[in-house]
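The values are calculated or read from the model by the stated rules, or taken from the named source; none is laboratory data. For clarity, every value in this text was computed on a predicted model and none was experimentally measured. Glycine gets a Cβ as well: all are built from the backbone with ideal geometry, and neighbour counts include every protein chain shown.
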Amino acid sequence: MATRNFVQKKAGTIAYQLKEKHDLRGEANEENPAIAVTVVGSRTVTTKELAKEIAASCTVKEADVAGVLTALSQRVQRTLLNGDRVELGEIGTLSVTLTCGNKHRADNVTAHDIKVRRIAFAPSKELTQAMRGAQMKSAGPARTKQLTMEEVEERLTAHFATHEALYRSEVENICECTRYHATQLLTALVEAGKLRAAGRKNGRHYMAMEGCFGK
């Protein structure tokens with residue numbers, strides 16, 4: 001089966017927007033404005049689209065590619081459920097990270113306390129190299145929606161209906177905001193006694209306090 005090289009000689013182009021970071025009152029720091037850069041126009045490419053594109057670049061039929069992708073997703077899930085890592089060639093490696101909540105002593109931890117914290121992804125050197133070659137273009141002024149705190153809490157309640165924990169990156173997607181504003185929202189909710197921070201550094205996540213967000 002003939003395919004094209006993974007690292008393309010001609011890199012793609014990523015559209016971006018710039019926006020001054022605001023606090024929860026919508027006030028910018030005029031003396032030293034901080035700038036947030038966000039990707040614009042990104043979309044989710046479906047398995048069907050991937051199968052079509054892969055079939056166009058090799059000698060395998062689209063239906064066969066779709067079948068392989070489905071089988072791959074099922075196998076990845078089974079492998080992760082066994083606690084093993086999955087290396088996806090020049091894409092990267094998937095692995096499972098665990099948490100025991102707010103336990104502080106090992107002799108107090110049982111298997112019932114252990115939960116899957118997240119599925120971690122480590123990009124390969126080849127993928128990292130390819131992304132570093134991406135070209136950038138401005139998409140014009142940013143037009144992001146500013147949610148009220150009531151709207152934020154409504155969206156987070158829907159999140160906690162199916163999730164135990166909340167990550168900052170999830171807040172960015174849920175509230176359609178920048179990383180900076182997501183951090184501010186989380187800080188405000190922790191100070192209001194509605195969220196509790198847990199974990200450290202890259203594993204930092206937030207738990208809903210009793211009586212908040214449907215808990």
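Brief remarks on what is shown
- Top-ranked residue of region 165-215 - restricted to ones that are in a helix (DSSP H, G or I) and among the aliphatic types (A, V, I, L, M), ranked as farthest from Glu151 (Cα to Cα): Val190
- Note on region 37-90: residues that are assigned to a loop (DSSP other than H, G, I, E, B) and of a type outside the set (A, V, I, L, M, F, W, C) amount to 14.
- Residue check for Thr59: at pLDDT 90 or above, more than 21 Å from the chain's Cα centre (by Cα) and hydroxyl-bearing (Ser, Thr, Tyr): yes
- Residue list for region 150-184, filter: in contact (Cβ under 8 Å) with a residue 40 or more places away in the chain, of a type in the set (Ser, Thr, Tyr) and surrounded by fewer than 16 Cβ atoms within 10 Å (Cβ to Cβ): Thr157
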